[in-house]
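One structure is given here, and the rest of the page talks about it.
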């Protein structure tokens with residue numbers, strides 16, 4: 001929708017009609033008065049990103065006359081190869097990637113990536129660490145590229161004092177209670193244990209709000225049982241509920257931990273928190289420093305003692321929180337708002353079409 005509204009382009013968005021997400025099934029939901037055409041697609045193996053394929057609607061759609069096809073599928077998955085194969089040679093083809101770890105893929109994954117990048121006229125890196133890793137690789141090095149980012153809807157994610165008060169009342173917390181939050185998957189690499197460790201060793205009585213789901217929910221519930229007045233767990237929140245829960249927080253933590261097979265690729269909750277006026281304390285894993293910059297505190301991911309110290313400091317310093325919130329809000333509006341991100345995409349697409 002933002003792409004369609006940012007320039008003189010006619011945009012069609014093709015997406016799965018239903019897809020298995022990390023936490024629950026996701027259904028495609030049209031937006032009222034949407035500026036672009038929406039094309040629902042059936043998928044097979046929807047819960048397996050590497051094996052997922054699109055149904056019979058894809059072929060006729062790709063046979064329509066297009067100037068450019070932007071493929072938001074990783075170049076090494078079957079779906080990307082399917083889109084690349086079905087795109088007419090006269091049409092510019094621009095895939096995108098979040099992959100920010102140097103990997104050597106086995107066959108047939110390597111063959112899929114080679115086929116997609118051989119067809120590509122250009123590619124998008126969703127982050128500086130992605131570009132740094134991919135730019136010298138075979139298939140990528142010879143193609144025009146641009147570092148772009150996902151965006152945030154600042155009409156949904158924004159400060160709202162009344163909504164903050166309503167959520168806090170529902171959670172049975174007072175306005176003076178300092179609430180530290182986390183939004184996302186409850187998995188080891190997202191640093192859930194780091195946050196719990198800081199909570200259990202804190203010298204201050206701050207509160208802890210987890211919103212999301214995942215295998216470490218049972219660990220969070222055990223902490224909640226020990227501290228029933230100070231810990232809340234919300235596992236049934238939809239994405240539409242997230243802005244309200246963010247506003248209830250005094251700061252949000254993103255303690256992502258790098259593993260041998262993963263490092264933080266972006267951290268969508270970071271830009272959603274910025275747009276909501278919520279201060280950030282985050283690790284230095286992967287793309288996080290490029291996303292946050294000076295709009296939050298960055299902590300070494302392995303320095304557990306520093307995490308406790310830093311959260312305690314921010315929790316106890318209201319002026320510091322206000323300063324971080326103001327910087328984050330300004331950065332979200334200037335860098336990550338959907339109209340800004342859409343304009344950057346269209347500028348790159350214009351450049352690709354002019355070659």
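Here are the numbers:
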| quantity | calculated |
| --- | --- |
| Some residue of the range 103-119 being closer than 19 Å to residue 150 by Cα, assigned by TED's automatic domain parsing to the domain that holds residue 9 and in contact with a helix residue (DSSP H, G or I) (Cβ under 8 Å, 6 or more places away or on another chain) | no |
| Of all residues in the range 105-121 being in contact (Cβ under 8 Å) with a residue 12 or more places away in the chain and assigned to a loop (DSSP other than H, G, I, E, B), the one that is surrounded by the fewest Cβ atoms within 10 Å (Cβ to Cβ) | 105 |
| Any hit, the range 289-304, residues being surrounded by 16 or more Cβ atoms within 10 Å (Cβ to Cβ), more than 21 Å from residue 128 (Cα to Cα) and modelled with pLDDT of 95 or more | no |
| Condition met for residue 244 (touching a residue at least 60 places away in the same chain (Cβ under 8 Å), surrounded by fewer than 16 Cβ atoms within 10 Å (Cβ to Cβ), in contact with a helix residue (DSSP H, G or I) (Cβ under 9 Å, 6 or more places away or on another chain) and assigned by TED's automatic domain parsing to the domain that holds residue 283) | no |
| Selection within the range 270-288 - buried (at least 22 other Cβ atoms within 10 Å of the Cβ) and within 21 Å of residue 101 (Cα to Cα) | 270, 282, 283, 285, 286, 287, 288 |
| Positions within the range 11-35 being under 23 Å from residue 122 (Cα atoms) and free of Cβ contacts under 8 Å to residues at least 40 places away in the same chain, in sequence order | 11, 13, 15 |
| Wholly enclosed strands (runs of 3 or more DSSP E) of the range 131-241 bearing at least 2 residues surrounded by fewer than 20 Cβ atoms within 10 Å (Cβ to Cβ), at pLDDT 95 or above and touching a strand residue (DSSP E or B) at 6+ places or on another chain (Cβ under 7 Å) | 145-147, 231-234 |
| Strands (runs of 3 or more DSSP E) wholly inside the range 19-104 containing at least 2 residues that are surrounded by fewer than 12 Cβ atoms within 10 Å (Cβ to Cβ) and under 23 Å from the mean Cα position of the chain (by Cα) | 25-27 |
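The values are calculated or read from the model by the stated rules, or taken from the named source; none is laboratory data. This is a predicted model, so every value here is computed, not measured. Note: ideal-geometry Cβ built from the backbone for every residue, glycine included; neighbour counts use all protein chains shown.
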